[in-house]
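Each reported figure results from applying straightforward, stated rules to the coordinates on display, with no laboratory input. Note that the coordinates shown come from a computational prediction; the quantities given were computed from them, not determined experimentally. Backbone-built Cβ (ideal geometry, glycine too); neighbour counts: all protein chains shown.
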Amino acid sequence: MIDTTITQDMLDLFTTEQRNEKTSHIDEMSTREIVEVINDEDKTVPYAVEKQLDQISALIEDVVLSFKNGGRLFYIGAGTSGRLGVLDASECPPTFGVSSSMVQGLIAGGREALVRSIENAEDEVESGEKELDSVNFTSKDVLVGITASGQAPYVLGAMMKAKRMGAVVGAISCNRGSKTFEHATHSIYLDVGPEVVTGSTRMKAGTAQKLVLNMITTTSMIRLGKVYHNLMVDLTPVNKKLIERSKRLIRQATGCSLKEAEKAFTESGKKPKIAIIMVLLNISREDAELLENNDTKPISEILKQYKSGISE
């Protein structure tokens, strides 16, 4: 049973509830002074993230392993934290060409909470547990709880259930006393200090969380072969801009002409990664797809294996 009691004494100890001495008279500052102090405080955020790179890397290693074993990544949070998780998850399919089920964001209050604050939605432990049931969460999956203060019952309920199932559980929090750390395989403490406006964790805490989520999915996808050099070769060209970007990617990756890139793009079925393999190895779409039969294989590895096979 989770103790969800929050008292005044507890709030006094929360990192996320401390007052920022640098902004104690912010209401008396000019507009220029306010934006300057906000900017100064924001500059400290990457350094807080830097201190947790080992923990972030360890979580990512487990996420990659989960993906390779057919598992999925779930973010779960409430309020700003939940919205950030949904945002990061929603950007994976167009950026890396993966299924929308591979990375998913769960938020207290559901879809409505994405556009309207439903703050009391986070108060039920059972809601978090039921959320995992609704997505058929299994021990092969990874759950990452995101909560600035680390006390949201909705998030804690889901994390405890995932841990009981034997799944890898991550926790991202900006409060040293976060309860989420008690139920996590990987604890990521982002010590961003007091907010510019006391308790407004959509600011530095939210920025820090966003930086970490970027690292988790981007690094995982790179490890899965979704990037060649620094090009996102598995993007899904769903609009005119992305179609042109795909052709440009093919040119950048291979050094071919625009005409050759357009031809390869069309013949590949509008799949930039396949088109790049076709051009680099001068092979057909069918042969390129055979080489890329495991879509977690990086292009660089495919090239090495192909050339090794020829030399043999």
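Brief remarks follow.
- Counted over the chain, the DSSP beta bridges are approximately 5% antiparallel.
- Degrees separating the helix 272-281 axis from the principal Cα axis of the chain, which is the longest one: 40
- Relative packing of 166-172, 261-267, 281-287, which averages over residues the other C-beta atoms within 10 Å, highest first: 166-172, 261-267, 281-287
- For a straight C-alpha distance cut-off of 17 angstrom, the aspartates and glutamates reachable from Lys130 (same-chain residues fewer than eight places away being disregarded) are Glu122, Asp141.
- Among His229, His25, His183, residue whose mean-square fluctuation peaks in a GNM of the chain (springs only between Cα atoms under 10 Å): His25
- Distance violations [Cα-Cα > 30 Å] among Lys226/Lys307; Lys161/Lys270; Lys241/Lys307; Lys140/Lys263: Lys161/Lys270; Lys241/Lys307; Lys140/Lys263
- Just checking the listed ones, Cys256, Cys174, Cys92: in the Gaussian network model of the chain with Cα springs under 10 Å, the one fluctuating most is Cys256.
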